[in-house]
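See structure below.
The values are calculated or read from the model by the stated rules, or taken from the named source; none is laboratory data. Predicted model, so just to flag it, every value in this text is computed and none were measured. FYI the Cβ positions are ideal-geometry reconstructions off the backbone, even for glycines, and counts take in every protein chain you see. Areas reflect the complete protein model, heavy atoms only, side chains present, ligands, DNA and RNA absent. Shrake-Rupley method; radii C 1.70, N 1.55, O 1.52, S 1.80 Å.
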Amino acid sequence: MNDNGIIKVLLVEDDEDDYILFKEYLSEITAQNHDLVWASTYEKAKTEIVSGKHDIYIYDYLLGTKTGLDLIEFTLKEGIDAPIVLLTGLGNADLDRRAMEMGASDYLVKSEIDSEKLERSIRYCIKQNNILKKLKASEKKFRSFFENSYDVIYISNQHGDILDINKSAERLFGYTVDELLKMNAAQLYDNPLDRSRFINSINKTGVFSNFEVTLKDKYGNRKYCTLAANLQRIDEVGNIYYQGIVHDMTRRKKAEQDLLIAEKLIVTGRLARALAHEVRNPLTNINLAVEQLEEDVVSDDSKTYFDIIRRNSNRINDLVTQLMENSRPPEILSEKISLHNILNKTLALANDRAALKNIRIETHFGENLELQADESRLVTALLNIIINAIEAVEPEKGVIRISSDCKNKKCIITIEDNGRGMTSQEVSSIFEPYFTAKANGMGLGLSSTHSIIRNHNGQIEVDSELYKGSRFRVILEVL
């Protein structure tokens, strides 16, 4: 429709009498002005169609060797987004259906046309076409939002089958969109009970926001996320669909944990320095006094006591030094090293302890790749985990499984035991400095391990349940 409110109509009709009759019908319509253009041949019609200047296109079905269906196909290929009406001499339900399937907006039988029916058809087709244009624009806008959102947006049914999901899911989960569309949402949950809790809650209220959950990617890595979803019943048989958004909190969560541990290290570092100062000053005086006494006392019995004092003074000094070292971030000396070499060196240091308790260590190493790492520090980090596992299992019955698997430029080292396990509170605090569940522990081993792994730009995860053992996963980048 032009600025003057005139509807431009293209009529493709090879019969001039029908054209004159059609023109007369349009002239009888007083509610709307029409500008009629007549194309008497298929080729003339193509020229007019390509111009794209008409508001509605009306095609006769029979056009010599061509048909109105051919013109519909040509019009759509040219990208013309305007309503099309097909005319025919006889009513034909099959032709009507074919025309509508191809993209026609209406179908009119010539013998039944009058000015009233023609006006109604034109008005209806243009109105419907405008509605469709708005819907397409809206769909395009929301499809753009769907595809370009950094968060994962998905649709699933009541069985958990993923019906649609955007490209962001590939970044988060490591699967392709095609792979995800063949999966069930439950496969992405680290704990199946979380899926049940989420579905039960959303089925009761119809909506759920900020549901914190741990998901897992294709390679077994944990992803800390929040879910927001709503429930829809959009078909006649009452099937349920879930529309949801997954927001990845993994980096933020790990950053918060690292910040918390770093802050505690700063506090404990200050305490360690103050303690070292307060302990070493009197310790120095004790050592000086012992040296002075040794010169004045020549008894053999007294010498034994002096040795005990000196030995325990040195022990106190060593503990203070250790306390100071563990309160400082480790210095990483990076070099190219073999993954299997690190694992074998760690095992060599742990084997004696395992043998003393008659513990079985099972190993399964994958591909041997190179890491950019500090060999001695990394060995220390892994050894701390293995020693903890040795101390957690029962003599004679203990089994420790150590494996490595390298995929997607990531190497996952898994250390699993069948020992005592840990409570959820212990798991959440296990990497904090000076936290320990052992009677004689200092709580520095796993804190040091965490610091070393993070300084290698790696990650460390732990799964544990009381009396069901523990599993540590160290994730490192490979060259």
Round to the nearest 0.05 the FRET efficiency obtained for residue 100 and residue 243 when R0 = 41 Å and r is the Cβ-Cβ distance.
-> 0.85
Quick one: length gained pulling residue 467 to residue 314 fully straight, 0.36 nm per residue minus the C-alpha distance?
-> 51.1 nm
DSSP-defined antiparallel bridges as percent of all bridges, the chain, nearest 5 | 70 percent
Given pairs 136/167; 140/218; 140/204 and cut-off 27 Å on Cα-Cα distance, the over-length ones are 140/218; 140/204
Using percent of Cα pairs over 34 Å apart as the read-out, say which of [x] 29; [y] 61; [z] 34 was calculated from these coordinates.
-> [y]
Taking the chain and counting helices only, DSSP H stretches of n ≥ 4 at -39,500 (n - 2.57) each over all residues, the nearest-500 ellipticity at 222 nm comes to -16000 deg cm²/dmol
Tabulate in residue order the Karplus-calculated ³J(HN,Hα) for region 401-407, using 6.51 cos²θ - 1.76 cosθ + 1.60 with θ = phi - 60°, rounded to whole Hz; enter x for Gly and Pro.
-> 10, 10, 9, 9, 8, 10, 8
For the chain, accessible area per residue (1.4 Å probe, heavy atoms of protein chains only), Å² | 57 Å²
Would you grab the residues whose amide H sits under 5 Å from the one on residue 35? Only those 5+ places off in sequence or on another chain, please, with H modelled 1.01 Å from N.
-> 7, 8, 9
Alpha-carbon centroids, region 198-234 and region 354-394: separation in whole Å | 36 Å
Solvent-accessible surface (1.4 angstrom probe) belonging to residue 471, in square angstrom, nearest 10 = 90 Å²
Of every hundred units of 1.4 Å-probe accessible area on the chain, the number belonging to carbon and sulfur atoms, as a percent, is 50 percent
Counting only C-alpha contacts under 8 Å and six or more residues apart, can you give the relative contact order of the chain as a whole percent?
-> 7 percent
Additional length obtainable on full extension of the chain from residue 31 to residue 424, 0.36 nm per residue less Cα span = 133.9 nm
Count of lysine pairs in region 1-114 with Cα separation under 21 Å (8 or more residues apart, or interchain) | 18
Inter-probe distance in nm under a simple model that places probes 7 Å from Cα toward Cβ, at residue 193 and residue 332 = 3.5 nm
Cysteines without a disulfide-compatible partner [the chain; Cβ-Cβ under 4.7 Å] | 125, 225
Extended-chain gain in nm, criterion 0.36 nm per residue less alpha-carbon gap, residue 290 and residue 70 = 68.1 nm
